[in-house]
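The structure appears below as structure tokens.
The values are calculated or read from the model by the stated rules, or taken from the named source; none is laboratory data. None of the values given here were measured: they were computed from a predicted structure. Ideal geometry is used to build each Cβ from the backbone, glycine not excepted, and the neighbour counts take in all protein chains shown. Protein only, heavy atoms only, side chains kept; ligands, DNA and RNA dropped before computing areas. Shrake-Rupley method; radii C 1.70, N 1.55, O 1.52, S 1.80 Å.
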Amino acid sequence: MTLNVGVIGVGMIGQDHIRRITQVLSGADVVAVTDVDLDRARTVADGVADARLHVTGEELIADDSVDAVVVCSWGETHEQYVLASIDAGKPVFCEKPLATTQQACERILSAETGAGRRLVQVGYMRRYDAAYRALRDVVQGGTIGLPLMMHCTHRNPSVPGYYRKESAITDTAVHEIDMVRWMFDEEIAATTVLVPRKSRNGGELQDPLVLLLEMDSGILVDVEISVNIRYGYDIRGEVVGENGTAALGEASPVRIRSAGLVSDRVAADWRERFIGAYDVEFQEWIDALRSGGELGPSTWDGYAAAIVSNAALEAMRSGMRTPVKLPSRPDLYGG
Ligand code: NAD
Ligand code: ISE
């Protein structure tokens, strides 16, 4: 049975996910789209055979031909569509972040636990990236001994118009916040934000930032977040263990030696760097829904990331180390 998907929000990532569902992956089709920018939605619908245009997200969710919903609108709008999907009993893939406040995540958590089954998957695609998966296998396999520290770099050439000062944490660093919980299979206990000299490329933004994350076991993670670094999209990660280190491989598919220089390609943006990860993420989601298999990053993961993000925002405001207070995990999420 083909999984019929409706997509809410057809900007950059919405269009990229439609391309992969309709042209790259198997087992699913896009049958409906919507966007507050109706002209954009109409143009996208025109380019997808059989896709119906809806005027609102709620109308799309209620459409009987839609089996599952993909939410790719701005973060502040995720809650309303995820709640409506749960209410309709339809699985929903929500791009990160799950929602932008702790309270909104709690409302989603309460709706899904009330429904008594998992319907929500959050778009934390690094868990599907070949390099991150290989790094996790090495760390968990014990080759480098107990992990002690991780150094992360998250650099964007520029950021979109919806980006605010807080977005460096809630939109960008939130990927590392989720990734380290998964990498080390443990929660984050406290966070501190350090503020270096400001880049002139960042306008009103405090760019760059350094985020420190203390894991429950004492592993210390540092994350450089630069969001206007111009030269490209550059993601790095290195775990330091007792007996060795393990780092993400360089993503460049080709190394050129010419005119006395050696050069690697740097990805232009997240679409290029994580193209394989998004493909695996969506194929596994489609397969899980078609076969009744297990879903990926959950509402609980989205909620935990929101609590750590809130603590980091507080740490950024106060300049102080801020503890993270995570309630106990409900049974639905393996508590
Ligand atoms: P975008 O601005 O390119 O697209 C967002 C679209 O949503 C726009 O077309 C906008 O008109 C539409 N929209 C806004 N409010 C809406 C509403 N209430 N109902 C319906 N449509 C609405 O932004 P983007 O870069 O595509 O990001 C969208 C989401 O995807 C964000 O949550 C972002 O954090 C996430 N994202 C995730 C990744 C990733 O690596 N997983 C990468 C980029 C973006
Ligand atoms: C964007 O929304 C993403 O999710 C990208 O993966 C991230 O690198 C970027 O900083 C965000 O703005």
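Take the alpha-carbon positions of segment 49-156, form their convex hull, and give its projected area averaged over all directions (one quarter of the hull surface) in nm².
Details: hull surface 41.2 nm².
About 10.3 nm², averaged over all directions.
Label-to-label distance for Glu272 and Asp287 is 2.9 nm, based on points extended 7 Å past Cα in the beta-carbon direction.
Length gained on full extension, Gln23 to Thr77, computed as 0.36 nm times the residue gap minus the Cα-Cα distance: 16.7 nm.
Multiplying the sequence separation of Asp279 and Thr43 by 0.36 nm and subtracting their Cα-Cα distance, what value in nm do you get?
Value of the extension gain: 82.6 nm.
Shape analysis of segment 1-119 yields a ratio of the Cα radius of gyration to the Kirkwood radius, Rg/Rh, of 0.96. Using a cut-off of under 12 Å, list every residue of segment 125-167 whose amide N is near the label point 7 Å from the Cα of Ala247 along the Cα-to-beta-carbon line. Once the point is set 7 Å along Cα→Cβ of Ala247, 151-153 turn out to lie under 12 Å by backbone N, inside segment 125-167. For Ala189, the amide hydrogen comes within under 5 Å of the amide hydrogens of Glu214, Met215, Asp216, counting only partners 5 or more places away or on other chains and with H modelled in the peptide plane.
Annotation: per residue accessible area for the chain equals 45 Å², rounded to a whole number [probe 1.4 Å, protein chains only]. Since only Val30, Gln206, Ala111 are under comparison, the one whose Cα sits farthest along the positive direction of the charge dipole of the chain, derived from C-beta charges on Lys, Arg, Asp and Glu, is Gln206. The spacing between segment 248-323 and segment 181-206, judged by their C-alpha centroids, is 15 Å. Of Pro147, Pro297, Pro160, the residue with the greatest mean-square motion in the GNM of the chain, using alpha carbon springs below 10 Å, is Pro160. Computed over the Cα atoms of the chain, the ratio of the radius of gyration to the Kirkwood radius (Rg/Rh) comes to 0.96.
Taking a straight line from the alpha carbon of Lys96, these lysines sit under 19 Å away, with near neighbours fewer than eight places off in the same chain left out: Lys165. Hydrodynamic analysis of segment 188-272 uses the Kirkwood radius over alpha carbon pairs. Inserted into Stokes-Einstein at 37 °C and 0.692 mPa s, it gives a translational diffusion coefficient of 209 µm²/s. Rounded to the nearest 20, the size of the Cβ-charge dipole of segment 1-139 about its Cα centre is 640 debye, with Lys and Arg at +1 and Asp and Glu at -1. Relative to the longest principal axis of the Cα atoms of the chain, the long axis of helix 174-184 makes an angle of roughly 70 degrees. With a cut-off of 12 Å between beta carbons, the residues surrounding Phe282 carry a summed charge of -4, where Lys and Arg count +1 and Asp and Glu -1. Accessible surface for Trp74 stands near 150 Å², nearest 10, in the context of the full protein assembly shown (1.4 Å probe). Residue-wise HN-Hα couplings along segment 309-321, as the Karplus relation 6.51 cos²θ - 1.76 cosθ + 1.60 with θ = phi - 60° gives them from phi, are 4, 4, 5, 5, 5, 5, 5, 5, 5, 8, x, 10, 5 Hz; Gly and Pro carry x. Summing charges over neighbours of Met12, with a neighbour being any other residue whose Cβ is under 15 Å away from its Cβ, gives -1 when K and R count +1 and D and E count -1.
Once the Cα atoms are used to define both axes, helix 275-291 deviates from the longest principal axis of the chain by about 50 degrees. Which FRET efficiency, nearest 0.05, do Ser110 and Ser258 yield, Cβ-Cβ r, R0 51 Å? Efficiency, from the Cβ-Cβ distance: 0.30.
Here the Karplus relation 6.51 cos²θ - 1.76 cosθ + 1.60, evaluated at θ = phi - 60°, turns the backbone of segment 199-208 into coupling constants of 6, 6, 7, x, x, 6, 6, 7, 9, x Hz, with x for every Gly and Pro.
Please compute the length gained on full extension between Asp64 and His151, using 0.36 nm multiplied by the number of residues separating them and subtracting their Cα-Cα distance. Before the final figure, lay out the partial values.
Values: separation 87, 0.36 × 87 = 31.32 nm, distance 4.71 nm.
Taking 0.36 nm per residue and subtracting the Cα distance, the gain is 26.6 nm.
The smallest convex shape that holds all Cα atoms of segment 193-335, its convex hull, gives 199 Å³ per residue. Would you mind checking the tilt of helix 102-115 against the longest principal axis of the Cα atoms of the chain, expressed as 0 to 90 degrees and rounded to 10? Once rounded, one gets 50 degrees. Only loop residues by DSSP count here, and only those with at most 11 other Cβ atoms within 10 Å; note down the GluC sites (Glu not before Pro) in segment 224-297 that meet that. Those that pass, being in a loop and sparsely packed, are Glu242, Glu294.
Over segment 130-276, all Cα pairs binned in 10 Å intervals from 0 give whole-percent P(r) values of 11, 37, 34, 16, 2, listed from short to long.
When segment 201-333 is described by a simple charge dipole with +1 on each Lys and Arg Cβ and -1 on each Asp and Glu Cβ, the residue from Trp270, Pro323, Ala259 located farthest towards its positive end is Ala259.
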